[in-house]
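The structure appears right after this line, and notes come after that.
The values are calculated or read from the model by the stated rules, or taken from the named source; none is laboratory data. Because the structure is a prediction, the values reported are computed rather than measured. All Cβ positions, glycine included, derive from the backbone under ideal geometry; neighbour counts span all protein chains shown.
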Amino acid sequence: MEKNNKDNFLIIDSNSVIHRAFHALPPLADKDGTVVNAVYGFLLVLFKAIKDYNPKYIAACFDLPEPTFRKKAFSEYKAKREKAPDELYNQIPLVKKTLKAFNISVFEKSGFEGDDLIGTLAEFTNQKYKNKIHNIIASGDLDNLQLVNDNTNVYFLSRGVKEGALYNEEMIKQRYDGLLPQQIIFFKALRGDASDNIPGVKGIGEKTAIQLVKEYGDLDNIYKEAEKENSQIKQSIKEKLLKDKDMAYMSFELVKIKRDVPIDVAIMDCEWEGFDKDKAQAALENFGFKSLIKKIPGMEIEEDEKKKIIGENLKLW
């Protein structure tokens with residue numbers, strides 16, 4: 001990440017990180033037998049992001065169980081996704097409780113996904129604090145790449161919870177063969193997304209979708225060309241596009257992250273003043289995460305200082 005004089009705003013795609021952690025880490029239970037591996041993995045990601053990016057502001061965004069506007073618009077949205085076990089869902093309140101102990105703001109709103117809240121927060125700072133605040137979105141979901149711009153990066157968890165890459169526009173171009181971040185939604189509108197059961201245009205694969213978006217820029221221009229009598233688009237592709245035009249535009253609405261969710265945002269509510277060491281330690285000890293205590297950003301220095309002091313005292317003896 002290039003250095004600048006802006007304050008970093010860490011925005012966490014919480015459900016995505018929790019899911020990633022649950023499936024990446026072996027089962028882990030606290031003293032009462034409650035499974036807490038997703039909490040542990042979430043904290044690993046949080047601590048690493050804080051250590052690497054030293055954010056002045058932090059927010060954690062969550063999904064809620066109620067149906068979203070996407071589900072209401074398309075009942076089959078995410079319908080083929082296998083339901084996660086209760087052991088995962090039971091850990092979400094535990095993560096929220098821990099965030100409260102860490103004085104980190106939580107955002108959630110019925111009818112919207114966490115991604116929409118992330119998009120809204122990023123758009124808010126882009127509009128109001130562009131010269132002062134830089135957004136870093138921590139996520140295990142590639143959908144958030146559409147939000148990348150000069151003022152927003154995505155810290156994407158590429159392998160489990162221990163490794164990640166900070167995506168900028170150039171990295172997205174490399175991953176999607178030249179597409180810009182804002183063009184990913186047009187690509188997915190055509191290609192679809194099996195993981196979310198978004199249909200796209202039947203018969204249009206990744207290569208063709210990328211080629212169309214690169215050549216015509218967006219969905220409207222693609223269809224303007226497809227509807228011409230002497231279209232430059234290959235006939236077989238043109239027929240597929242025209243047959244599933246409604247599906248393409250519906251898929252576009254499903255894929256597009258909202259940036260105008262009606263929520264109250266005051267940047268000062270997200271200002272993070274660091275860990276209250278006693279509260280943080282108590283929260284981790286409650287889960288039995290003793291090894292994590294010394295990983296809390298800011299406390300590693302204290303441990304080093306302790307060793308140094310002990311060493312000096314031993315010399316005196």
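Restricting attention to the stretch 227-284, the residues that are small (Gly, Ala, Ser) and farther than 28 Å from Pro199 by Cα total 5. Selection of strands (runs of 3 or more DSSP E) fully inside the stretch 109-168 by the criterion of at least 3 residues being surrounded by fewer than 23 Cβ atoms within 10 Å (Cβ to Cβ), more than 9 Å from the chain's Cα centre (by Cα) and hydrophobic (A, V, I, L, M, F, W, C) returns nothing. Among the residues of the stretch 207-224, those that are among the basic types (Lys, Arg) and either under 16 Å from Lys240 (Cα atoms) or touching a residue at least 40 places away in the same chain (Cβ under 8 Å) (or both) comprise Lys207, Lys224. Output the residue which, of all residues in the stretch 220-275 that are touching a strand residue (DSSP E or B) at 6+ places or on another chain (Cβ under 6 Å) and not aliphatic (A, V, I, L, M), is nearest to Ile50 (Cα to Cα). The qualifying residue nearest to Ile50 (Cα to Cα) is Trp272. For the stretch 182-206, residues that are surrounded by 15 or more Cβ atoms within 10 Å (Cβ to Cβ), touching a residue at least 24 places away in the same chain (Cβ under 8 Å) and either in contact with an Asp or Glu (Cβ under 6 Å, 6 or more places away or on another chain) or among the basic types (Lys, Arg) (or both) total 4. Selection of the stretch 77-98 for residues being surrounded by 11 or more Cβ atoms within 10 Å (Cβ to Cβ) and assigned to a loop (DSSP other than H, G, I, E, B) yields Tyr77, Lys78, Arg81, Ala84, Asn90, Gln91. Only one entry of Glu170, Glu215 meets the criterion of being in the same structural domain as Lys78 (by TED's automatic domain parsing) and among the acidic types (Asp, Glu), and that entry is Glu170. Screening Ala194, Ala280 for residues that are modelled with pLDDT under 95, outside the structural domain of Tyr77 (by TED's automatic domain parsing) and within 30 Å of Glu108 (Cα to Cα) leaves exactly one candidate, Ala194.
If you go through the stretch 41-58 and keep only what is under 14 Å from His134 (Cβ atoms) and in contact with a helix residue (DSSP H, G or I) (Cβ under 6 Å, 6 or more places away or on another chain), you end up with just Tyr57. The set of residues from the stretch 86-140 being hydroxyl-bearing (Ser, Thr, Tyr) and within 13 Å of Phe42 (Cβ to Cβ) comprises Thr98, Ser139. Taking the stretch 207-232 as the range and being in a helix (DSSP H, G or I), surrounded by 14 or more Cβ atoms within 10 Å (Cβ to Cβ) and of a type in the set (D, E, K, R) as the test, the residues that pass are Lys214, Glu225.
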